[in-house]
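What follows is a set of notes on a single structure, which appears directly below.
No value in this document is a laboratory result; all are computed from the given coordinates. Every value quoted in this text rests on a predicted model; they were computed, and no experiment measured them. Glycine also receives a Cβ, built like all others from the backbone with ideal geometry; neighbour counts cover every protein chain displayed.
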Amino acid sequence: MSNQPDIREDMHRTSVFAATDPAVYYDTIQPVLTTGKPPLVLVHGAAHTGSCYLQTPDGQPGWAQQFATLGFPVIVPDWPGVGRSGRMDYADLTGEVVCRALGGLIASLDEPCVLLTHSMSGAYGWRLVETHGERIRAVIGVAPSPPGDLEPVPPILERGDDYVIIRRGAFERRVDLLQPTPFDDDLVENKLVGAGAQFPRDYLDAYKRSLGAAPPRLSYERSNIEGSQLRITEPASFRNKPILVVSAEHDRDHTPENDGALATWLADIGARPTYWYLPDQGITGNGHMMMLEKNNADIAALIAGWIEAKI
């Protein structure tokens, strides 16, 4: 049975720029009734914007509306230099800059938040706990990238003036140094969507057209080329922090082995992690983009229940 909540059309939505450095654009969706639940900040991954939380490819309500209907005030930013936050010089757009802007947004909120990250933004979430831990009550990492502490440094197979080719696992990958890295059909169909039945495949072409590209330095760091990924050096803010790591059945890069190892590392530095492989929670057929899939409301309801139990 679906846990689809009754989406209210009269929930309050606003869109503004935060006076962060650099500035970020964000949407706020307030529940109709005040519930006392903490604000929930939803941070997108590479090639996406905050819109991935606002609507699914087939036009259904996204996680932002789902969580608001469940009583959470929701804040949905675009990374600096991405989407409605406006263009930045690619040379200036690093993971540190993204974290500085998101940290400024979190610090500006009236109360500490729950932070939800996805994919590439996972590493930004771990850094934000380090720098703004007192403003973050709990973290949900949805198929999250690990910090550089856990990410192996890939061998460089070829280097040009404007690119490198690396090996990650069994795959070779080109990373452009000056231009954004596009998400080609193979990456979309085999990494983002996968072989599960929950993605609305009738809308796959429209979804592909909605995607951007990953800014060059952020792609370089995500692959931990030359040890460039953000690392955790002061883990004190992780002590007793509730953290949920979630991975799905048809996500080739986020297996129980990989994401389970991340949860173990989080426990080792003092956090209170929970790891969910969705089939163990009775949720099957999902891929990397679970917030866009047909059963997204079921997953949102599970996450909401975890938050309420932990804080």
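Structure values in brief
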quantity: DSSP bridge orientation in the chain - percent antiparallel, rounded to nearest 5; calculated: 50 percent
quantity: Pair-distance profile P(r), taking every C-alpha pair of segment 18-143, with 5 angstrom steps and integer %; calculated: 2, 12, 22, 26, 21, 11, 5, 1, 0
quantity: Where only C-alpha atoms are counted, convex hull volume of segment 213-311 per residue in Å³; calculated: 130 Å³
quantity: Kirkwood hydrodynamic radius of the chain, from inverse mean 1/r over distinct Cα pairs, in Å; calculated: 19.4 Å
quantity: Neighbour net charge for residue 72 - beta-carbon separation under 13 angstrom, K R +1, D E -1; calculated: 0
quantity: Residues whose placed amide H lies under 5 Å from that of residue 113, excluding near-sequence neighbours; calculated: 136, 137
quantity: Highest average packing first - 184-191, 295-302, Cβ atoms within 10 Å; calculated: 295-302, 184-191
quantity: Cα-projected label distance for residue 23 with residue 58, points at 7 Å along beta-carbon direction, nm; calculated: 3.8 nm
quantity: Stretch gain in nm, segment residue 179-residue 158, where the contour uses 0.36 nm per residue and the Cα spacing is subtracted; calculated: 5.8 nm
quantity: Antiparallel %, DSSP beta bridges [both residues in segment 1-156], to 5; calculated: 50 percent
quantity: Scattering curve values for segment 57-213, log₁₀ I(q)/I(0), Debye with Cα scatterers, q = 0.11, 0.16, 0.17, 0.18 Å⁻¹; calculated: -0.57, -1.22, -1.35, -1.46
quantity: Charge dipole magnitude, Cβ of K and R +1, D and E -1 - the chain, Cα centre, debye nearest 20; calculated: 460 debye
quantity: Over 19 Å between alpha carbons, listed pairs 191/310; 37/241; 37/294; calculated: 191/310; 37/294
quantity: Binned Cα-Cα distances of segment 131-225, short to long, each 10 Å bin given as a whole percent; calculated: 13, 36, 32, 18, 1
